[in-house]
Structure formats: C-alpha cells, structure tokens
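As structure tokens, the structure follows; a few thoughts come after it.
The values are calculated or read from the model by the stated rules, or taken from the named source; none is laboratory data. Computed from a predicted structure; not experimentally measured. No Cβ is skipped: glycine too gets one built from the backbone with ideal geometry, and neighbour counts run over all protein chains shown. Surface areas here come from the heavy atoms of the whole protein model, side chains and all, with no ligands, DNA or RNA. Shrake-Rupley method; radii C 1.70, N 1.55, O 1.52, S 1.80 Å.
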Amino acid sequence: AVLLLALCAVVVLLSYFLPIPFFALFEVPAAEQSDVARALLIVGVTTALSFPGMISYGFLWGYERFDVHNLIEIPVVLARTVLTFIYIQSGSQLTELALIVSGTSIAGYILRTALCWWVEPRLRLRLHYFSLPVLKEMFVFGIWFGLLSLTRSLLPNVSPFVIGHSLGPGPVTTGC
C-alpha cells in the first residue's frame, strides 16, 4: 500500500508536466492544446489513482472473489460505454471523454475497495502493520521485477519498430 501510494504521488506529479513532452512529440493544433492538456492531466491523475486502486484488485484476487470483482467491473464498463454514447458527440471535447473514463474508473476503485470490507470484515488498517525493513526489501524487489517486466514487454516490440522506422511508411503499410 505504501509503495503504491508513493507511486501514485509520483505519477500525479509527472502528470502536471506530461503536456511538455507530449506537445514536443505530437503536433496538436493551437486551438486544441488546452483541451488536450486538460485531458492528459485527467488521465494522468486517474492512472496515478489506479495504483492504490490495485490494492483492492489484489485483495479480491487473493480471496478468489472473482464474482465480486466482476460485480463491479462489468457495470463500470457498461456505464462507461453508455455515458460515452450519450455524451460524446461530433463536437465534444477530449476532456469530456477523459472525465467519463476517469469518473467511471475512480467509482470502480472506490466500490471495489468498499467491497473488500464486505468480503473480509476483519480488514483493518493500522500503522503498526507497516515495517520499514520489509518496505525496503519489497522496494528493491519491486524495482528489479519492474525492470524485468518492462524489458519483457518492450524487447519483443523493438525490432518491428526499428524496421518500420527504417523502411518508412510505404513498405510497411497496406496500400489502398
């Protein structure tokens, strides 16, 4: 929980600066830059909140309560879909879509966390449950495991990216 909350704080901080590299990498019309910057901030904060939200995912998986997990996940996805169809029109801003995705995601995190106490009424958060030596050990393990996971997901995608970039769009896309 402590590590995930720390990661949440770091991602919230980075979310404020995300538009700088984003606008350097992607060309966005000047009229739409403020909307895109707001949407990036909303999605960044929601992504940050997903890290502590993973605590309830792990808890429900640990208890093998996939029924409870799906009790929240299915209505959240349906609500997101319905709200998108209702509120997103041709003149809608990106911020509106970001608010729909973020709002439904955060509602899911909150409901899932509340259901953890329903699954295990003895669940308690106490300061004496936290141990600095264990936290340090988990942090070191987490860093190395995170790097291992990152390389496992990135390395298979490097070759196609390099080849595609070297050849250009003509040879690697289908012609119409």
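Numerical summary
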| read-out | value |
| --- | --- |
| Kirkwood Rh in Å, taken over the range 58-176 so that all alpha-carbon pairs contribute | 19.3 Å |
| Sum of -39500 (n - 2.57) over DSSP H runs of 4+, divided by residues of the chain (222 nm, nearest 500) | -27500 deg cm²/dmol |
| For the chain: accessible area per residue (Å², 1.4 Å) | 72 Å² |
| Solvent-accessible area, 1.4 Å probe, carbon plus sulfur percent, for the chain | 74 percent |
| Highest-fluctuation residue, 41, 127, 13 considered, GNM on the chain with Cα pairs under 10 Å | 127 |
| FRET efficiency for residue 143 and residue 166, using Cβ-Cβ distance with R0 set to 35 Å, rounded to 0.05 | 0.60 |
| Label-point gap, in nm, between residue 31 and residue 159 - each point 7 angstrom along Cα→Cβ | 4.6 nm |
| Solvent-accessible surface (1.4 angstrom probe) belonging to residue 74, in square angstrom, nearest 10 | 100 Å² |
